[in-house]
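J.: Okay, handing you the structure first.
The values are calculated or read from the model by the stated rules, or taken from the named source; none is laboratory data. Just so we're clear, the structure is a prediction, and the values are computed from it rather than from any experiment. Cβ sites come from the backbone with ideal geometry, for glycine too, and all protein chains shown count toward neighbours.
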Amino acid sequence: MLLGKVMGTLVSTQKEEKLRGLTFFILEKLDMQGRPTGAFVVAADSVGAGVGEVVIYAAGSSARYTAATEGRPADATIVGIVDTWDLDGSVQYQKGAED
Amino acid sequence: MLLGKVMGTLVSTQKEEKLRGLTFFILEKLDMQGRPTGAFVVAADSVGAGVGEVVIYAAGSSARYTAATEGRPADATIVGIVDTWDLDGSVQYQKGAED
Amino acid sequence: MLLGKVMGTLVSTQKEEKLRGLTFFILEKLDMQGRPTGAFVVAADSVGAGVGEVVIYAAGSSARYTAATEGRPADATIVGIVDTWDLDGSVQYQKGAED
Amino acid sequence: MLLGKVMGTLVSTQKEEKLRGLTFFILEKLDMQGRPTGAFVVAADSVGAGVGEVVIYAAGSSARYTAATEGRPADATIVGIVDTWDLDGSVQYQKGAED
Amino acid sequence: MLLGKVMGTLVSTQKEEKLRGLTFFILEKLDMQGRPTGAFVVAADSVGAGVGEVVIYAAGSSARYTAATEGRPADATIVGIVDTWDLDGSVQYQKGAED
């Protein structure tokens, strides 16, 4: 999984039938210190994420192994909202403590 | 999924039997602000896209999970025509408003 | 799929049993203008390609969805010989018109 | 597989149901000399790894082929704790001999 | 597939049960002229390769389609020992002729 920050929503009306009902977010990828990288991915949501949240997403075939995306042509899916992570014992990110 | 702009069509007469009937587009990848990146992919179409449109495409095994590509050796498939997306509340792209 | 030019042949006698009978080509990847990139991949052939031809190849699990490679440990397979493609209405490559 | 060093733990309470019970580690990727690269991945654990250990992890669909991750939306899983490796007959890393 | 040179062996005692019995090699990736690139991968062996040999390996799900790795969490597997390859009619590598 990789880290991303939910930056916005993408709307597509004319889409593959199997994608109907999914929410698509633009995620900016974060590095392991939690800094934005400029890189992004469009991910389906399986956890009820919202704009501004930091999440982990699964890519590739594993993106289809959620209740929301099973059997659907999604190659990136948000699978968790991040509470916190640390590196070498030092907290890098804490939900609710963002500046 | 990633963002691409449909730049043109690729024709291949001598191809794997299972690819017959598919349309192949050259997609230039866009960044999350909607700017061209110079990178590209050849994608099968599952939604009736056309040259000039901005689309999302699925890569890898998920590219085979559309009605058009099931069981076929496609590793990139257009799965939606994009209407709009925003970042931090600011619209980055709006279909029909292209310059 | 990506674009490649067939640059040569790779021979491997001592190989996984399931790869027997496949032809392996060295493909140099091309950009969307048809220029060589220096990057390459070793691809199995499913279409009867030959050295010098421009092809599209499928990577990942989709490389196993051809008659030639089904159930075999190939992660890149040539799936079409390219006749032509265009960008913004301008032909970038036409088979038989190479310099 | 690639090499990583377990740098810390990631906590996600609101996550896909199928991920419950898994431990997620932040792995910094190492080069083949064992040096940190700055790149990272969030990996599920299948072997009882701990912070500070050097591990190999599997990515993509193979990340789901462990007892811990079968059928779950994990795209990176730690599959072994590394004892040692060598290059050209010279030991690059020996567990327990870290500085 | 990509080209690699077998540089050394990796030992992992505490590993996923399904990986038991496999040999893991450090492969340095080669470019299409056969030159080392500095990049590497840890690959399972399915062909009886040895240190110093030039091989092709399959990545992703195809790495599980060998007799040695079926159903196992390996994402890179050596699938052939290379005898020779050429580019534009010029031999780039010939087994046994290494300097």
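J.: Going by what's in this entry, would B:PRO73 be described as modelled with pLDDT of 95 or more and buried (at least 16 other Cβ atoms within 10 Å of the Cβ)?
T.: In short, yes.
J.: For A:ALA97, work out the one condition from (1) under 21 Å from D:ILE26 (Cα atoms); (2) more than 10 Å from the chain's Cα centre (by Cα); (3) crowded, with 22+ Cβ neighbours inside 10 Å; (4) among the aliphatic types (A, V, I, L, M) it doesn't fulfil.
T.: Among (1) under 21 Å from D:ILE26 (Cα atoms); (2) more than 10 Å from the chain's Cα centre (by Cα); (3) crowded, with 22+ Cβ neighbours inside 10 Å; (4) among the aliphatic types (A, V, I, L, M), A:ALA97 violates only (3).
J.: Taking E:ALA39 as the residue in question, decide whether it is of a type in the set (A, V, I, L, M, F, W, C), in contact with a strand residue (DSSP E or B) (Cβ under 6 Å, 6 or more places away or on another chain) and crowded, with 23+ Cβ neighbours inside 10 Å.
T.: No.
J.: Mind listing just one residue for me: the one in region D:63-91 that is touching an Asp or Glu at 6+ places or on another chain (Cβ under 6 Å) and touching a residue at least 60 places away in the same chain (Cβ under 8 Å) and, of those, farthest from the other protein chains (Cβ to nearest Cβ)?
T.: The extreme case among them is D:ILE78.
J.: Looking at the structure I just gave you, is E:LEU87 of a type in the set (A, V, I, L, M, F, W, C) and within 14 Å of the chain's Cα centre (by Cα)?
T.: Spelling it out, it is not the case that E:LEU87 is of a type in the set (A, V, I, L, M, F, W, C) and within 14 Å of the chain's Cα centre (by Cα).
J.: So which residues in region D:22-43 are more than 18 Å from A:GLN92 (Cα to Cα) and at the interface with another protein chain (Cβ under 8 Å from one of its Cβ atoms)?
T.: D:ASP31, D:MET32
J.: Going by what's in this entry, would A:ALA68 be described as out of contact with any Lys or Arg (no Cβ under 7 Å at 6 or more places or on another chain), more than 18 Å from A:LEU3 (Cα to Cα) and surrounded by 19 or more Cβ atoms within 10 Å (Cβ to Cβ)?
T.: Here the answer is yes, as A:ALA68 does meet what is asked.
J.: Name the strands (runs of 3 or more DSSP E) wholly within region A:1-89 that hold at least 1 residues that are of a type in the set (Ser, Thr, Tyr)?
T.: A:2-11, A:36-45, A:54-59, A:76-81, A:84-87
J.: Return yes when B:SER12 is under 12 Å from A:PRO73 (Cβ atoms), modelled with pLDDT of 95 or more and either buried (at least 24 other Cβ atoms within 10 Å of the Cβ) or within 7 Å of another protein chain (Cβ to nearest Cβ) (or both) and no when it is not.
T.: no
J.: Quick check, is E:ALA49 within 23 Å of D:ALA39 (Cα to Cα), surrounded by 15 or more Cβ atoms within 10 Å (Cβ to Cβ) and touching a residue at least 40 places away in the same chain (Cβ under 8 Å)?
T.: Answer is no for this residue.
J.: Next question, about the same structure. If you go through region A:52-62 one residue at a time, do you hit one that is over 10 Å from the mean Cα position of the chain (by Cα), of a type in the set (A, V, I, L, M) and within 11 Å of chain B (Cβ to nearest Cβ)?
T.: No, there is no match, as no residue in region A:52-62 is over 10 Å from the mean Cα position of the chain (by Cα), of a type in the set (A, V, I, L, M) and within 11 Å of chain B (Cβ to nearest Cβ).
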